[in-house]
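The values are calculated or read from the model by the stated rules, or taken from the named source; none is laboratory data. Given the structure is predicted, the values throughout are model-derived calculations rather than measurements. For neighbour counting, all protein chains shown are included, and Cβ atoms are generated from backbone atoms with ideal geometry for every residue, glycine included. Remember, those area values only see protein heavy atoms, side chains included, never the ligands or the DNA or RNA. Shrake-Rupley method; radii C 1.70, N 1.55, O 1.52, S 1.80 Å.
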Amino acid sequence: MKTVAIVQARMGSTRLPNKVMRPITGTPMIELLLARLREAAEVDEIVVATSDAARNDVLADHVAALGYRCYRGSENDVLDRYLLAARGSEAEVVIRITGDCPLVDPELVDQAVRHFRETGADYLSNSAPPTFPDGLDIEVFTAAALERAGREATEVFDREHVTPYLRRPGLFRQASLENDVDLSALRWTVDEPHDAGVIEAIFAHFAPDIHFGWRQVLQLQQAQSRLFDGNQHIARNEGATMGTGQKLWKRAKQVIPGGNMLLSKRAEMFLPEQWPAYYSKAKGCQVWDLDGNVYTDMTIMGIGTNILGYAHPEVDAAVHAVVDSSNMSTLNCPEEVYLAERLIELHPWADMVRFARSGGEANAIAIRIARAASGRDKVAICGYHGWHDWYLSANLGEDESLAGHLLPGLDPAGVPRNLRGTVYPFNYNDYEGLEALVREHDIGVIKMEVARNRGPENDFLQKVRALATARNIVLIFDECTSGFRQTFGGLHKLYGVEPDMAMFGKALGNGYAITGTIGRRDIMEAAQSTFISSTFWTERIGPTAGLKTLDVMEQLQSWDVITRTGLGIRQKWQDLADKHGLAIDHWGLPALTGYTFRSPNALAYKTLVTQEMLAKGYLVGNSVYVSTEHTPEIVDRFFDQLDPVFGLVKECEDGRDVMSLLKGPICHDGFKRLN
């Protein structure tokens, strides 16, 4: 019976791209693997199976130059790719070897093939149960069994991973090859950069010999364990259970500090080791991950950017039109004038506008202008909500830039250590505390959100306005989050208090980057005395998206719609809590409403809810940024699914161990953990 070893390899690995061609002591890893495997006496032919994606051309060419046949098939249907290789090579018995196992041992391969023949099995594995080090995995099966799996397997997982269908109980005669000592905790495979470092060290130790056996590697690990320390934290076969998004997230953290550009989108904030992390497309309030799974977004909706839902057709059409006409030019785009006039129309107290593209930039602009206008550097910051873009901007003098101020160390009061004596925090609704700061220090700017987790009490906003006026202090309202959620414009309109300056972001462009800083003429003209300028503040997409977003918001009266929906969601959370005898606290504006379980296990419960609802097709935390796409039908279906999960939380409150239900670590606690 012709026995063919089919080596599964591709260049598009999510966690370590191009790994099969990665040089190990100067030789591509795939070449080392094939050379070692060629020593197996029971193998009649070795072929490589890769995908037909263009990025694998270099792999296919290299394999062919080495004298091996290479079969190319589907990128995702690897089972079909294996069938193509088995048929093409006229295999009767197939040995499956993966390209991430350069330490494949030919004697162990021969042992597996002989045991396969002796047992008369259809399928044999030396990793079920695992007793050999990870990286020595060998599977042997008949071509007939592979053909049957190709006909019958319909699950995506079965077709992506080739052999799960062959391992199903009762379908095929199965056998296993086990080591006399369980060494499954040892990791000799290559999935991540840490793995590559360990394998490089092993080959370097034995160089120039590449035909050392696996027991020699074991002796090396026992004698020089430090060579193997780099990857021992990685779980065995982790990739088989991880989604593409989680694999990419692990890869991202190797090349991007923190993994991404926004703390609030880090996977650990939601569901460590399980969160999909990345999307392929989004529409309405649905999100598709990299594996094609569809989720209803009942959480942060792009961190509050998409009041009108994802990919709104009118906003997108306006943007596409300007892209076709060029997003950038030597001349200025007229849309920035039209959008400035529109914002001033919505806020008659304001006279002038400066645009940027991010909330941090808008904060920087506001602080710079306010300091220049007041002639004083000291800023009183309202820190009641615990998170603010002020850290990006509060310390920017005329000769300073954003560089070096993104995450300064904080003192116990939450003030960056390098800003002591410049920034003075005060608590929301604590007018006396603010008044004391103003009396004691030469405050030139007061910067605060209008409301967030709770509203003003005892005429707090009116008192702040009066204090600022009396002391010639520039009052800035940060409306980057609150703008356009309860009113058509700034939340301050609801309370009848006018600032000297206000910033808008997030929802202003419905997912496109545009922020605006508006203010009174005498304040804004101080911008001419300090350098505030950026090339990409002049691009055309942001202002165009802002104009169309405001048009659609006005047509839909979106602020009323999302406020009603948010209040309804808040009530439904309370109804479920009452039904199951749970205590919860509510917080946030109606249109960005949230809740917290009143329990020492609150974070674990939040993680559990996220975990269970993800399995049901929902992106969930413990807050919702409401959009106009969250229809009553969608909300009702969501709460139908959430009901039994609240019941599970109640079981934990009554004594069940919540940690026994979690499949990974507890999510991070807001912004307290930054790494």
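Tell me the relative contact order for the chain as a rounded percent, counting alpha carbon contacts under 8 Å between residues six or more apart. Walk me through the numbers on the way to the answer.
Details: 1235 pairs, mean separation 80.8, N = 675.
Relative contact order for the chain comes out at 12 percent.
Looking at the chain only, what percent of DSSP beta bridges run antiparallel? Nearest 5 please.
Values: 35 of 75 bridges.
Antiparallel bridges: around 45 percent, rounded to the nearest 5.
What translational diffusion coefficient, to the nearest whole µm²/s, does the chain have by Stokes-Einstein, given a Kirkwood radius computed over alpha-carbon pairs, a temperature of 20 °C and 1.002 mPa s viscosity?
Values: Rh = 28.7 Å.
For these conditions, the coefficient is 75 µm²/s.
Once label points are set 7 Å from the Cα along Cα→Cβ at both ASN332 and GLN528, what is their separation, rounded to one decimal in nm?
So the label points at ASN332 and GLN528 sit 1.3 nm apart.
How big is the charge dipole of the stretch 510-596 about its Cα centre, in debye rounded to the nearest 20, if each Lys and Arg gets +1 on its Cβ and each Asp and Glu gets -1 on its Cβ? Provide the component values of the computation, followed by the final result.
Details: 8 positive and 9 negative charges, 20 e Å.
So the magnitude is around 100 debye.
Distance from the Cα centre of the stretch 166-200 to that of the stretch 1-61, in angstrom?
18
What is the Cα centroid distance between the stretch 614-675 and the stretch 462-477, reported in whole angstrom?
That distance is 41 Å.
Projected area of the stretch 17-92, taken from the Cα convex hull and averaged over every viewing direction, in nm²? Intermediate results must be reported in sequence, preceding the final value.
On the way: hull surface 21.7 nm².
Its average projected convex-hull area is 5.4 nm².
For ALA380, enumerate residues with amide H under 5 Å from its amide H, sequence gap 5+ or separate chain, H modeled in the peptide plane.
TYR424, GLY444, VAL445, ILE446, LYS447
What Kirkwood hydrodynamic radius do you get for the stretch 111-199 when you take the inverse of the mean 1/r over all pairs of distinct Cα atoms, in Å? Working shown, then result.
Values: mean 1/r = 0.0702 Å⁻¹.
Kirkwood hydrodynamic radius for the stretch 111-199: 14.2 Å.
Just need the Rg to Rh number for the stretch 61-151, please, alpha carbons only, Kirkwood Rh.
0.96
Report the relative contact order of the stretch 566-675, percent, no decimals, based on alpha-carbon pairs under 8 angstrom and at least 6 residues apart.
Working: 113 pairs, mean separation 30.6, N = 110.
In percent, rounded to a whole number, it is 28.
Give, in nm to one decimal, the length gained when the segment between ARG471 and SER225 is fully stretched (0.36 nm per residue of separation minus the Cα-Cα distance). Display every interim value, and only then the final one.
Numbers: separation 246, 0.36 × 246 = 88.56 nm, distance 6.80 nm.
Length difference between fully extended and current span is 81.8 nm.
Starting from the Kirkwood radius over alpha-carbon pairs of the stretch 601-674, derive D by Stokes-Einstein at 25 °C in a medium of 0.890 mPa s and give it in µm² s⁻¹.
183
Put LYS606, LYS378, LYS663, LYS579 in order of accessible area, largest first, 1.4 Å probe: what do you get?
Numbers: LYS606 40, LYS378 65, LYS663 155, LYS579 130 Å².
Sorted by accessible area, descending: LYS663, LYS579, LYS378, LYS606.
Take the alpha carbon atoms of the stretch 496-554, find their center, do the same for the stretch 287-327, and report the distance between the two centers in whole angstrom.
Going from one Cα centre to the other spans 20 Å.
From Cα pairs below 8 angstrom and at least 6 apart in sequence, can you work out the relative contact order of the stretch 542-608, rounded to a whole percent? Spell out each step's value before the answer.
Values: 50 pairs, mean separation 16.3, N = 67.
After rounding, I find 24 percent.
So between ARG55 and THR631, what do we pick up on full extension, going 0.36 nm a residue minus the alpha carbon distance? The partial results should precede the final answer.
Values: separation 576, 0.36 × 576 = 207.36 nm, distance 4.28 nm.
My answer for the length gained is 203.1 nm.
Multiplying the sequence separation of ALA207 and ASN179 by 0.36 nm and subtracting their Cα-Cα distance, what value in nm do you get?
Working: separation 28, 0.36 × 28 = 10.08 nm, distance 2.70 nm.
Contour length minus Cα-Cα distance gives 7.4 nm.
Once label points are set 7 Å from the Cα along Cα→Cβ at both ALA311 and SER74, what is their separation, rounded to one decimal in nm?
2.3
What is the spin-label model distance, in nm, from ALA615 to ASP442 if the labels are put 7 Å beyond Cα along the C-beta direction?
In this crude spin-label approximation the distance works out to 6.3 nm.
Tell me the volume per residue, in Å³, of the convex hull enclosing the alpha carbons of the stretch 79-228.
Values: hull volume 18.9 nm³, N = 150.
It comes to 126 Å³ per residue, whole-number rounded.
Just to be sure I understand the curve: with the Debye formula and one point per C-alpha of the stretch 119-160, what is log10 I(q)/I(0) at q = 0.14, 0.28, 0.34 Å⁻¹?
-0.42, -0.99, -1.05
What FRET efficiency, computed as 1/(1 + (r/R0)^6) with R0 = 30 Å and r the Cβ-Cβ distance, is obtained for LEU494 and LYS265, rounded to the nearest 0.05?
Values: r = 29 Å, r/R0 = 0.97.
Calculated transfer efficiency: 0.55.
If you take every DSSP beta bridge fully contained in the stretch 1-160, what fraction is antiparallel? Give it as a percent rounded to 5. It would help to have the intermediate numbers written out before the result.
Values: 10 of 26 bridges.
Of the beta bridges lying entirely in the stretch 1-160, close to 40 percent run antiparallel.
Please go through the residue pairs LYS616/LYS650; LYS506/LYS663; LYS283/LYS447; LYS2/LYS247 and name each one whose alpha carbons sit more than 27 Å apart in this structure. Before the final figure, lay out each step's value.
Numbers: LYS616/LYS650 19 Å; LYS506/LYS663 33 Å; LYS283/LYS447 35 Å; LYS2/LYS247 37 Å.
Result: LYS506/LYS663; LYS283/LYS447; LYS2/LYS247 exceed 27 Å.
Report the convex hull volume per residue for the stretch 443-601, counting only C-alpha atoms, in Å³. List each step's numbers first, then the result.
Working: hull volume 26.6 nm³, N = 159.
Taking only Cα atoms, the stretch 443-601 has a hull volume of 167 Å³ per residue.
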